[in-house]
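K.L.:
Encoded as structure tokens, here's the structure I'll be asking about.
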Amino acid sequence: MTKLQHHPHAEFDRFPQLVRDLTEEFGVEGIGAVIERFVEAERADFYWDGRIAERPLGPFEGFGEDDDACQQVAIIGYFRGRYYVATCLIDDTRRVCWMARVRHFDDLARAEIAFTAGS
């Protein structure tokens, strides 16, 4: 018998709960498309909430006056069973405003290298 191992960062992954919630609300027919639309619409929030660590990158040099309060933050996290490194803009209440860049990794070691290297 194969023993299933719990991944150490799986607790950060909001995807399994999202699938359960959406399936309960909308049923199983066509649920794949519903999930993909929902993830696309809320991607920055899922990635921000699933972060394991963050690193400040300084103020955002924006295009307008409203951008003055935004800070750039690099994050490393876990979503949909994969690690990611992303650059986000957050407001003064630490809510994500925008996710500028995201890269996905199959293992923590490569994600950590990208996170510490700043890419």
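K.L.:
Return only the number of the condition from (1) surrounded by 15 or more Cβ atoms within 10 Å (Cβ to Cβ); (2) touching a Ser or Thr at 6+ places or on another chain (Cβ under 6 Å) that A100 does not satisfy.
P.N.:
(1)
K.L.:
Identify all residues within segment 66-111 that are under 15 Å from G50 (Cα atoms) and more than 14 Å from the chain's Cα centre (by Cα); write none if there are none.
P.N.:
Residues satisfying the conditions are R94, L108.
K.L.:
Does G77 fit the bill of being touching a helix residue (DSSP H, G or I) at 6+ places or on another chain (Cβ under 8 Å) and under 19 Å from R14 (Cβ atoms)?
P.N.:
Working: touching a helix residue (DSSP H, G or I) at 6+ places or on another chain (Cβ under 8 Å): yes; under 19 Å from R14 (Cβ atoms): yes.
Criteria met by G77.
K.L.:
Would you confirm whether any residue within segment 64-71 is modelled with pLDDT of 90 or more and on the phi < 0 side of the Ramachandran plot?
P.N.:
Taking segment 64-71 and keeping what is modelled with pLDDT of 90 or more, we get 71.
Going one step further and asking which of them are on the phi < 0 side of the Ramachandran plot, we end up with 71.
Yes, segment 64-71 contains at least one residue that is modelled with pLDDT of 90 or more and on the phi < 0 side of the Ramachandran plot.
K.L.:
What about A100, is it modelled with pLDDT of 95 or more and either in a loop (DSSP other than H, G, I, E, B) or not charged (D, E, K, R) (or both)?
P.N.:
Details: modelled with pLDDT of 95 or more: no; either in a loop (DSSP other than H, G, I, E, B) or not charged (D, E, K, R) (or both): yes.
The answer is no for A100.
The values are calculated or read from the model by the stated rules, or taken from the named source; none is laboratory data. This is a predicted model, so every value here is computed, not measured. Please note: Cβ atoms are built from the backbone with ideal geometry, for glycine as well, and neighbour counts cover all protein chains shown.
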